[in-house]
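Notes to accompany the following structure.
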Amino acid sequence: ANALAKLFDEFVESSVVGLRKPDTRFYTHACNLLEVSPDEVVFLDDIRKNLSAAKRLGMTAIQVEIGREQEAVDIVKRIIRTLGAFEPKL
């Protein structure tokens, strides 16, 4: 996880915060840490129940299928471009 964590401003690990997905408190903790509301979040996961919990909070949830990760990255790029927030560097 250390190499992956270096790619992000914040990296929320369940073992560190003491909460596990799909507990909605995990997602709320991440939102609070980043000072964003759930409707501003794009959440990626490979487990359907984790995606469902994120959706219930108002997050945009994208399933990442093992071996098809690039498809999820492409979806995130389209979302970012649609919002006009910035040009993704993914």
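Annotations for the structure displayed:
- Selection within segment 34-56 - assigned to a loop (DSSP other than H, G, I, E, B) and within 13 Å of Lys21 (Cα to Cα): Asp46, Ile47
- Looking only at residues of segment 74-90 that are assigned to a helix (DSSP H, G or I) and open to solvent by 100 Å² or more (accessible area, probe 1.4 Å), we find that the one that is modelled with the lowest pLDDT is Leu83.
A quick yes/no check of all residues on (1) farther than 18 Å from Ser14 by Cα; (2) at pLDDT 95 or above; (3) open to solvent by less than 60 Å² (accessible area, probe 1.4 Å); (4) among the aliphatic types (A, V, I, L, M):
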| position | (1), (2), (3), (4) |
| --- | --- |
| Leu33 | no, no, no, yes |
| Asp45 | no, no, yes, no |
| Arg48 | no, no, no, no |
| Ile62 | yes, no, yes, yes |
| Glu65 | yes, no, no, no |
| Ala72 | yes, no, yes, yes |
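- Of all the numbered requirements in (1) loosely packed, with under 12 Cβ neighbours inside 10 Å; (2) under 13 Å from the mean Cα position of the chain (by Cα); (3) of a type in the set (Asp, Glu); (4) closer than 23 Å to Gly84 by Cα, Glu13 misses one, and that requirement is (4).
- Selection from segment 17-31 of residues that are among the aliphatic types (A, V, I, L, M), in a helix (DSSP H, G or I) and either surrounded by 15 or more Cβ atoms within 10 Å (Cβ to Cβ) or in contact (Cβ under 8 Å) with a residue 40 or more places away in the chain (or both): Ala30
The values are calculated or read from the model by the stated rules, or taken from the named source; none is laboratory data. In this text the structure is predicted, and so the values were computed from the model without any measurement. Methodologically, a virtual Cβ is constructed for each residue, glycine included, from the backbone with ideal geometry; neighbour enumeration extends over all protein chains shown. Ligands, DNA and RNA are excluded from the accessible area calculation, which covers all protein heavy atoms including side chains. Shrake-Rupley method; radii C 1.70, N 1.55, O 1.52, S 1.80 Å.
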